[in-house]
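One structure is given below, encoded as C-alpha cells.
The values are calculated or read from the model by the stated rules, or taken from the named source; none is laboratory data. Please read all numbers here as calculations on a predicted model, not as lab measurements. Neighbour counts are summed over all protein chains in view; Cβ atoms, including those assigned to glycine, are modelled from backbone coordinates with ideal geometry. These accessible areas exclude ligands, DNA and RNA; they are computed on the full protein's heavy atoms, side chains included. Shrake-Rupley method; radii C 1.70, N 1.55, O 1.52, S 1.80 Å.
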Amino acid sequence: MAITTKQIPGKKPATGSGAPAPPVVTFTSDFGSGSPLVAAMKGVVLAGCPTAVLVDVSHEVPRFDVSAGAFMLFAGTRHFGGGSVHLAVVDPGVGSARRRLIVQAGGRYYIGPDNGLFAIVIDEVGVQRVIELPPQPGGAPTFEGRDVFAPAAAALAAGVPLESLGSPGDPPIPLPDTGPRVLWTDGFGNLVTNLKPPARKLRIHNHDIVATVKTYSDARPGEPFVYVGSMGYLEVGVRESRADRLLGARSGMRVEVI
Amino acid sequence: MAITTKQIPGKKPATGSGAPAPPVVTFTSDFGSGSPLVAAMKGVVLAGCPTAVLVDVSHEVPRFDVSAGAFMLFAGTRHFGGGSVHLAVVDPGVGSARRRLIVQAGGRYYIGPDNGLFAIVIDEVGVQRVIELPPQPGGAPTFEGRDVFAPAAAALAAGVPLESLGSPGDPPIPLPDTGPRVLWTDGFGNLVTNLKPPARKLRIHNHDIVATVKTYSDARPGEPFVYVGSMGYLEVGVRESRADRLLGARSGMRVEVI
Amino acid sequence: MAITTKQIPGKKPATGSGAPAPPVVTFTSDFGSGSPLVAAMKGVVLAGCPTAVLVDVSHEVPRFDVSAGAFMLFAGTRHFGGGSVHLAVVDPGVGSARRRLIVQAGGRYYIGPDNGLFAIVIDEVGVQRVIELPPQPGGAPTFEGRDVFAPAAAALAAGVPLESLGSPGDPPIPLPDTGPRVLWTDGFGNLVTNLKPPARKLRIHNHDIVATVKTYSDARPGEPFVYVGSMGYLEVGVRESRADRLLGARSGMRVEVI
C-alpha cells in the first residue's frame with residue numbers, strides 16, 4: 001500500500017518554487033525526548049547540509065531495545081522518499097568493535113551501528129548497498145551519533161556519493177531473536193508484534209486473544225482483540241483501554257499463534 | 001492582542017531570499033512524544049509538499065481528551081500566519097462514522113476528526129469554510145492521521161484549492177460539556193480553565209482560590225491564585241509550585257465562580 | 001574539538017541551490033515536551049522570519065533548574081554555526097525585574113532571562129556583546145518567551161542588527177553555586193558534572209567512584225566509573241545501568257574530587 005498524495009487525482013507535489021525537494025534527514029534514538037544530544041547531532045548535520053529538513057522519528061526507543069528501535073525506525077521512515085537519510089542510534093555497544101554502517105534500502109539511506117537496528121527495514125524492502133564507516137579518531141568514544149553518524153548523514157544529504165564515505169561491507173546482522181514476539185508498545189498500550197497478516201488468534205503472557213477486528217470501533221469494550229496494524233503487522237489492542245496493562249505484556253514478550 | 005514581530009518598528013519579515021514564505025504544517029495528537037507514527041504522517045506530508053516547514057504543537061494531549069486537545073490546538077496554532085495548515089488527531093472514534101473535516105478559521109486550515117477538537121479555535125475566530133473529506137478506501141482504518149488527514153494537509157500546503165479536496169459540510173460539532181471547567185494542566189501544574197477575564201475568585205475541587213495576581217512573582221509562595229493566562233483564559237497557579245497537586249485538580253474538573 | 005563535516009576530505013557543505021544557508025533558531029525550555037507554548041513561540045518566530053530552520057534543544061530542562069538548563073543549552077547549541085539564534089527560557093522569575101538579554105557568544109546569539117542560563121556557554125566561549133531587551137508593554141507578563149524573546153529571535157534570524165534590538169548591557173550573571181556538582185542527569189542516568197578533564201576519582205552522595213574509563217564498553221558491569229563525556233565534562237556512568245539510581249544522586253548534588 002503506497003500512501004502518498006498521489007491519492008489526490010490530478011495533483012502533483014509542488015515545491016512552491018520549482019526547486020528540487022530539499023534533502024531530508026531523520027533521527028531515531030533512545031536518548032530520551034528531552035536530550036540536548038539530539039540537537040547536537042542536528043547542529044552537525046546542518047553544518048554539513050544547511051538546507052536539510054530535519055524530522056524526529058523518536059527519541060523514546062526503550063533504552064538499548066534494538067528490536068523496538070528496529071520497528072520504530074521502519075514505521076517512522078517508510079513513507080519518506082528516495083534519497084532520504086535516516087540516522088539511528090540505539091547502541092548498547094557504543095565505543096566497542098561493532099561496525100558503523102550506511103545501508104541503502106528501498107532507495108533510502110540508513111546510518112547507525114550494526115546491531116540489528118536495520119533488520120525490519122531490510123525484511124520489508126531488502127538491501128541495496130552497505131558501506132562501512134571508518135571510526136572517527138578525534139571523536140568522543142561515547143557519542144558516535146554526533147561524531148561518526150551525523151557527519152555521514154550530512155554528507156549524504158548534501159549529495160556526497162555513498163561509496164566515497166567508506167568501504168563496501170557485508171549485510172547488517174539480523175535481530176538476535178526472530179521468533180514471534182512483541183516488538184513495541186505504542187502510546188495507547190497497543191502491542192505491535194512481528195507477525196504478518198492475516199489476523200488470527202494469539203496467546204500473549206498466558207492470555208488468549210480470540211477476537212479479531214478491522215478497527216477499534218468494531219471491538220467490544222474491555223475485550224482484547226487482534227487486528228492488522230497500520231504498519232502491516234498484527235497488533236493487540238483493547239478499545240479505549242490499554243492492552244499492555246490488561247495483559248501484563250511488554251516489548252520482547254513471546255507470542256504464540258493459537 | 002496580536003503578537004508578531006511587527007512590534008519591532010520599521011522592520012518587515014524577511015525570507016532571506018525574496019521568495020514567498022514556505023508553507024507551514026503543524027501536528028497535534030495524543031500519540032505520545034515518542035511515537036514514530038508522527039514521523040509517518042510527516043513523511044506523507046513531505047511526499048506531497050517537500051518544502052513544507054513542519055512544527056509539532058503537541059503529541060502529549062492526554063489520551064482521548066478532546067477538550068484538552070481543543071485548547072492545545074488553539075494555544076499552539078493561534079500565532080501562525082494565514083494559509084498555515086494544522087493537522088490534529090485526538091480521535092477515540094477512529095475508523096467509525098464521525099466526519100473527517102477541513103475547517104478554515106482565522107485564515108488558517110485545520111484538519112481532523114469532527115469530535116469537538118476545533119471548538120476552541122472556532123469560539124475564538126469563527127468558521128469560514130468547512131469541507132468534508134471522503135474516507136480513504138485503501139487506507140488503514142486505524143490510522144486516518146496518515147492516510148486521510150496527512151495527504152489533505154500536504155495538498156493544502158502545496159496550494160491545492162480547499163474546495164477540490166471534498167464537499168462542503170456543516171460546521172463542526174462543539175465540545176460536549178460547555179460549563180466552566182479545567183481544560184488543560186500545563187507542565188508547571190497550572191490549571192487552564194475555559195473562563196475568560198476578568199480574573200476573579202474561583203472554586204475548584206472544594207478549594208476556594210481568592211487571590212488574583214498579574215504575574216507569578218506578584219504572588220505569595222504557597223497560596224493559589226487566579227490570573228489571566230497567556231492565551232487569554234483564566235488560569236490557577238501557585239508560585240514555584242504545582243496547583244494541580246496542591247488542589248488535587250485535573251483536566252475536566254468543574255470550576256465555580258464564587 | 002571541532003566536529004563538522006569538514007572531517008570528510010575534499011567536500012564542502014552544499015545548500016543544494018547555491019543559496020546562503022537558512023537562518024537557524026533553536027529552543028530550550030522547561031515547559032515540557034508536550035507543551036503547545038513551544039509552538040506558540042515558533043509561530044511568532046516564523047511570522048517574523050518565515051525561512052528560519054527551527055530546532056528543539058530540549059523542553060525537558062528540570063523545572064526552574066537554571067544550572068541544568070545552562071548545561072543543556074551549551075550541549076545542544078555548541079555545534080551550530082555562526083549567526084545561529086538560541087532562545088532559552090528557564091525562568092523562575094518571569095514577570096519580575098531580572099533583565100532580558102541577547103548575548104552574542106562564540107558567534108552565536110543567545111536570548112533569554114538573565115539568571116545564569118548563559119553561564120556555561122560563556123565559560124566555554126566568552127562573551128562578545130550583550131544587549132538588554134526592553135519589556136513588552138502589551139505582552140503577557142507570564143509568557144515573555146513568546147512576547148519578548150521570540151520576536152527578538154525572529155528579528156535576529158531575519159537579519160535585523162543586534163544593536164537595534166535594545167541597549168548595550170553588562171555581562172550576564174553567573175550561576176549562583178560554582179562549586180563542583182552534578183549539572184544534569186542524561187536519559188541513561190549518567191551524571192554530568194561541572195568538572196573538566198582529566199578523569200579522576202570522585203565522591204558523590206557518599207559513594208566513591210574510583211574507576212576511570214574511556215568508553216562504556218571498557219567498564220565492568222555494575223561498577224560506577226568516571227569518564228570524559230562527549231561535551232568535555234567529567235561524567236559518572238554505570239555500564240548498561242543507571243548511575244543516578246545506583247548512587248541515589250541527582251542534579252545539584254555536590255561532587256568531591258578524592
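What the table shows:
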{"quantity": "Selected from A:57, A:238, A:210 as most flexible by GNM, with chain A as the system and alpha-carbon contacts under 10 Å", "calculated": "A:210"}
{"quantity": "For the range A:117-258, projected area of the alpha-carbon convex hull averaged over all directions, nm²", "calculated": "11.1"}
{"quantity": "GNM result for chain C, Cα springs below 10 Å: residue of C:206, C:194, C:115 fluctuating most strongly", "calculated": "C:206"}
{"quantity": "Probe 1.4 Å - accessible area at residue A:56, Å² to nearest ten", "calculated": "50"}
{"quantity": "Among B:109, C:176, B:83 the positive-end extreme of the charge dipole of the protein assembly as shown (Cβ point charges)", "calculated": "B:83"}
{"quantity": "The range A:32-113, Rg to Rh (Cα coordinates; Rh as Kirkwood inverse mean 1/r)", "calculated": "0.94"}
{"quantity": "Debye equation applied to the C-alpha atoms of the range C:101-140, log10 I(q)/I(0) at 0.18, 0.35 Å⁻¹", "calculated": "-0.50, -1.29"}
{"quantity": "For residue C:212, residues with placed amide H under 5 Å, excluding near neighbours", "calculated": "C:226"}
{"quantity": "Chain C, relative contact order [Cα under 8 Å, separation at least 6], %", "calculated": "15"}
{"quantity": "The protein assembly as shown: C-alpha gyration tensor shape, a/c 1.5 cut-off, then a/b vs b/c", "calculated": "rounded"}
{"quantity": "Degrees separating the helix C:36-48 axis from the principal Cα axis of chain C, which is the longest one", "calculated": "40"}
{"quantity": "Dimensions in Å of the range A:129-190 - Rg and Dmax from alpha carbons", "calculated": "16.4, 43"}
{"quantity": "Geometric extent, Cα atoms of the range B:27-183 - Rg, Dmax (angstrom)", "calculated": "14.1, 43"}
{"quantity": "Principal axis box of the range B:190-258, alpha-carbon based, largest edge first, Å", "calculated": "27, 23, 20"}
{"quantity": "By accessible area with a 1.4 Å probe, ligands and nucleic acids excluded, highest first: order of A:35, A:217", "calculated": "A:217, A:35"}
{"quantity": "Hydrodynamic radius by Kirkwood, which averages 1/r over all alpha carbon pairs of the range C:18-76, in angstrom", "calculated": "12.4"}
{"quantity": "Whole-angstrom Cα spans of the range C:94-179 along principal axes, big to small", "calculated": "40, 29, 18"}
{"quantity": "Which of B:256, B:132 is most accessible, then next, and so on - probe 1.4 Å", "calculated": "B:256, B:132"}
{"quantity": "Position residue B:98, label points 7 Å along Cα→Cβ, spacing to each other copy in nm (shortest first, one decimal)", "calculated": "4.1, 4.1"}
{"quantity": "Residues residue C:124 and residue A:132, FRET efficiency given R0 of 35 Å [Cβ-Cβ distance, rounded to 0.05]", "calculated": "0.55"}
{"quantity": "With every protein chain in place, the protein assembly as shown: carbon and sulfur % of accessible area (1.4 Å)", "calculated": "53"}
{"quantity": "Ranking by accessible area, most exposed first, for C:193, A:178 with a 1.4 Å probe", "calculated": "A:178, C:193"}
{"quantity": "Fluctuation leader among A:65, A:91, A:177 - chain A, Gaussian network, Cα springs under 10 angstrom", "calculated": "A:177"}
{"quantity": "Tensor-based shape of the range C:188-228 (alpha-carbon gyration tensor, a/c under 1.5 rounded, otherwise prolate or oblate)", "calculated": "rounded"}
{"quantity": "Accessible area expressed per residue, the protein assembly as shown, with surrounding protein chains retained (probe 1.4 Å, Å²)", "calculated": "36"}
{"quantity": "For the axis carrying chain B to chain A: nearest C-beta residue of B, whole Å", "calculated": "B:33, 3"}
{"quantity": "Volume in Å³ per residue [convex hull over Cα atoms, computed for the range C:151-219]", "calculated": "202"}
{"quantity": "Per-copy distances of the residue A:220 label point, shortest first, in nm (7 angstrom along Cα→Cβ)", "calculated": "5.8, 5.8"}
{"quantity": "Solvent accessible area, Å² - residue C:201, 1.4 Å probe, full protein context", "calculated": "100"}
{"quantity": "Label distances, nm, residue C:256 versus same residue in remaining copies, Cβ-directed 7 Å point", "calculated": "5.7, 5.7"}
{"quantity": "Antiparallel %, DSSP beta bridges [both residues in chain A], to 5", "calculated": "65"}
{"quantity": "Centre separation in Å (Cα based) which lies between the range A:32-106 and the range A:141-173", "calculated": "12"}
{"quantity": "Chain pair A, B: total accessible area buried, heavy atoms, 1.4 Å probe, Å²", "calculated": "3200"}
{"quantity": "Residues with amide H under 5 Å from that of residue A:116, placed H, sequence gap 5 or more", "calculated": "A:173"}
{"quantity": "Amide H within-cut-off set for residue A:202, under 5 Å, with H built and near neighbours excluded", "calculated": "A:209, A:258"}
{"quantity": "Solvent accessible area, Å² - residue A:79, 1.4 Å probe, full protein context", "calculated": "20"}
{"quantity": "Helical mean residue ellipticity (222 nm; -39500 (n - 2.57) per DSSP H run of 4+; nearest 500) of chain A", "calculated": "-5000 deg cm²/dmol"}
